[in-house]
Amino acid sequence: ALLGYSAPPTRSALIEELVEKGITANCYPEISDVLAVLEEDMAPLKMAARLNPALAFMDANEDLKIYSEPLRKVAAFRLLQQLGRVYDVMHLSEVEKLSSFVSLADLEKTALEALKTRALSIRFDHQNKCIRFESGLFATAGMRGQLSVLARRLTTVAKMLADSGVDVGDMDRERLVAQWRDRAVQRAKLLANEEHRAALERKGLIEEKKAEQQKATEKAAAEAKRRAAEEKAEREEAEKKRIAKVLRERDIERLRREAEDKEKEELRKLKAELDAKKAVEKKVGDEEDEEDVAGLNKEELLTKQRVETMKAKRDKEKKMVTSFRRSDYIERALREAQRPLVTDVYKRETESAQKQVQALITETVEKAKAKHATDVALRNETLFMADDREAFVSQLLSTADLEFENWASEQRAKVEEENRLAMEAYAAEVQAIEAKKAAFEAEEAAAAEQRLEKERKDRDRETRLREREEETRRLAEKERLRDEEIARIRQQQSKGGAAA
């Protein structure tokens, strides 16, 4: 009502009114050809080449950019409509070249929308990679469209006659009819060659369509034969895979049973080791704990073994620390006990040497006094021998001093030798203690190394068991995914065959 129409306006009426009012003459020159391409001309093979410059101009213009996408949809519909009037089947690659202004997915979407509104009947055959135009399903609607076009053109002729100002009543009707007939004959003669050429073109198109249909039929037969061969090969391959799968499942089941048997054997060995340790560490009457160990599973047995190993390790470390402390205390006690003994021995030896020296000195002095008295008496008796006596006494004192020094040196050397022997005995005893300590440490290190080696072997055994379990799970998962992929491919093929 706002536009002045008594009835809802149609698209064709709106376009006709725009053309009559000269709106198209005021648009941009770059897009002035769009109306002729979409509404007037019948040239689907050249539509993309004529529309692409206009669409590029609209995309670059901010004001016209919003109309670019709707215009592409209209152009896609017109292209499919015009192709359906000429072709029955066309390869998708050719359709994609002709519809370069839209993507193939958008073109298919436009065809689906037209199919819903019964404006077109088009089927995309992706299996044969072609598009099929089935215009026969809508012959009645096409006929109504042709009649509407004929009515519009007749209305245009009537308006042209009315605008010419010719009064038909004033003229001789027969003469006027004869003139119109002559004009029609002349026009028919002029258009005869063009119509003949058009008829030849239509005949050529029909022959091409027949050839294309024949090729499509042969191609469809070859494709069906190829699909049958592929399906047979797929069935054979599936049967081979099924047999291989059954064999693999049997191998996996056998490996699983072997792994379970080996694991049970290892669990029995582990339980026997724990029972042996319990028999050594626990009392004979402690039966409740033995029953608990017998009821444990693999993880609990391994945990129990780790706990027992750590407990034994801690006990051994405590014993080692206690032994080290005891050895240290013994060594300190020995040193403390030997210190006064060595000092006392040295002191006694020194005092004994001093007493011996003093006694020797006293004895020597006494002897010397006695001798001196004898010598004095003798001197008095032999005074005439004084000079000889002085020389003899001097020589005797020198000899006594030398002998004393020699004896003192021997005594000091003897004391030093005894001290050296005592220190060597002490050092040998200390070295023996160190050797025992080193042997004990070596024994403990060897035991620790054996314990670590056993723990490493246990870890390796657990790792191998986990790897075998993981490999079994991975093989099962791979088979499951492969079966799902085969089922999906078969489902897609069945859907494609149904669609074909």
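List of remarks:
- Unmet criterion (only one of (1) farther than 23 Å from GLU424 by Cα; (2) hydroxyl-bearing (Ser, Thr, Tyr); (3) open to solvent by 70 Å² or more (accessible area, probe 1.4 Å)) for TYR346: (1)
- Residue within the stretch 417-429 that is open to solvent by 70 Å² or more (accessible area, probe 1.4 Å), under 30 Å from VAL321 (Cβ atoms) and within 60 Å of the chain's Cα centre (by Cα) present: no
- Among residues of the stretch 87-121, those that are more than 15 Å from VAL74 (Cα to Cα), open to solvent by less than 60 Å² (accessible area, probe 1.4 Å) and at pLDDT below 85, counted: 1
- Criterion (open to solvent by 60 Å² or more (accessible area, probe 1.4 Å), under 26 Å from LYS97 (Cα atoms) and part of a helix (DSSP H, G or I)) met by exactly one of GLU30, GLU16: GLU30
- Selected residue (criterion: farthest from the chain's Cα centre (by Cα)) from residues of the stretch 300-351 that are more than 28 Å from ARG451 (Cβ to Cβ) and of a type in the set (Gly, Ala, Ser): ALA337
- Residue within the stretch 447-466 that is assigned to a helix (DSSP H, G or I), small (Gly, Ala, Ser) and closer than 30 Å to GLU265 by Cβ present: yes
- For ALA111: the one exception among (1) in a helix (DSSP H, G or I); (2) out of contact with any strand residue (DSSP E or B) (no Cβ under 7 Å at 6 or more places or on another chain): (2)
- Test: residue in the stretch 280-295 that is under 43 Å from the mean Cα position of the chain (by Cα), open to solvent by less than 100 Å² (accessible area, probe 1.4 Å) and at pLDDT 75 or above: no
- Residue in the stretch 369-378 that is open to solvent by 90 Å² or more (accessible area, probe 1.4 Å), under 60 Å from the mean Cα position of the chain (by Cα) and not aliphatic (A, V, I, L, M) present: no
- Cβ pairs under 8 Å, 6+ apart, first in the stretch 259-270 and assigned to a helix (DSSP H, G or I), second surrounded by 14 or more Cβ atoms within 10 Å (Cβ to Cβ) and hydroxyl-bearing (Ser, Thr, Tyr): ALA259/THR472
- Some residue of the stretch 252-259 being farther than 30 Å from ALA428 by Cα, under 45 Å from the mean Cα position of the chain (by Cα), at pLDDT 85 or above and β-branched (Val, Ile, Thr): yes
- Residue check for VAL393: in contact (Cβ under 8 Å) with a residue 60 or more places away in the chain, open to solvent by less than 100 Å² (accessible area, probe 1.4 Å) and of a type in the set (Val, Ile, Thr): no
- ALA445 being among the aliphatic types (A, V, I, L, M), without any contact (Cβ under 8 Å) to a residue 40 or more places away in the chain and in contact with a helix residue (DSSP H, G or I) (Cβ under 7 Å, 6 or more places away or on another chain): no
- Annotation for the stretch 244-257: at least one member residue is open to solvent by less than 70 Å² (accessible area, probe 1.4 Å), in a helix (DSSP H, G or I), touching a helix residue (DSSP H, G or I) at 6+ places or on another chain (Cβ under 7 Å) and closer than 29 Å to ARG480 by Cβ.
- Filtered by the rule that a residue be within 15 Å of TYR87 (Cβ to Cβ), among the small types (Gly, Ala, Ser) and within 60 Å of the chain's Cα centre (by Cα), the stretch 190-227 gives ALA211, ALA216.
- Looking across the stretch 329-360, the residues that are farther than 15 Å from MET423 by Cβ and touching a residue at least 24 places away in the same chain (Cβ under 8 Å) come down to ILE330, GLU331, THR350, ALA353, GLN356, VAL357, LEU360.
- For the stretch 431-440, the criterion of being of a type in the set (A, V, I, L, M), closer than 29 Å to ARG257 by Cα, at pLDDT 85 or above and loosely packed, with under 12 Cβ neighbours inside 10 Å is satisfied by no residue at all.
- Filter result (aliphatic (A, V, I, L, M), out of contact with any helix residue (DSSP H, G or I) (no Cβ under 8 Å at 6 or more places or on another chain) and either at pLDDT 80 or above or not in a helix (DSSP H, G or I) (or both)) within the stretch 186-211: LEU200, ILE206, ALA211
- Just one of the numbered conditions (1) over 30 Å from GLU266 (Cα atoms); (2) under 60 Å from the mean Cα position of the chain (by Cα) is not true of GLU410: (2).
- Of the residues contained in the stretch 60-67, none is found to be buried (at least 17 other Cβ atoms within 10 Å of the Cβ) and in a helix (DSSP H, G or I).
- Neighbours by Cβ (under 7 Å, 6+ apart or cross-chain): first from the stretch 21-48, small (Gly, Ala, Ser); second part of a loop (DSSP other than H, G, I, E, B): ALA48/SER99; ALA48/SER100; ALA48/PHE101
- Inside the stretch 204-241, residues that are closer than 15 Å to ARG490 by Cα and of a type outside the set (A, V, I, L, M) make up a count of 10.
- Filter pass, LYS241 being touching a residue at least 12 places away in the same chain (Cβ under 8 Å), open to solvent by less than 90 Å² (accessible area, probe 1.4 Å) and in a helix (DSSP H, G or I): yes
The values are calculated or read from the model by the stated rules, or taken from the named source; none is laboratory data. Note that this is a predicted model, so its numbers are computed, not measured. A quick note on method: Cβ atoms are made from the backbone with ideal geometry, for glycine too, and the neighbour counts reach across all protein chains shown. In case anyone asks, the SASA skips ligands and DNA or RNA and just uses the protein heavy atoms, side chains included. Shrake-Rupley method; radii C 1.70, N 1.55, O 1.52, S 1.80 Å.
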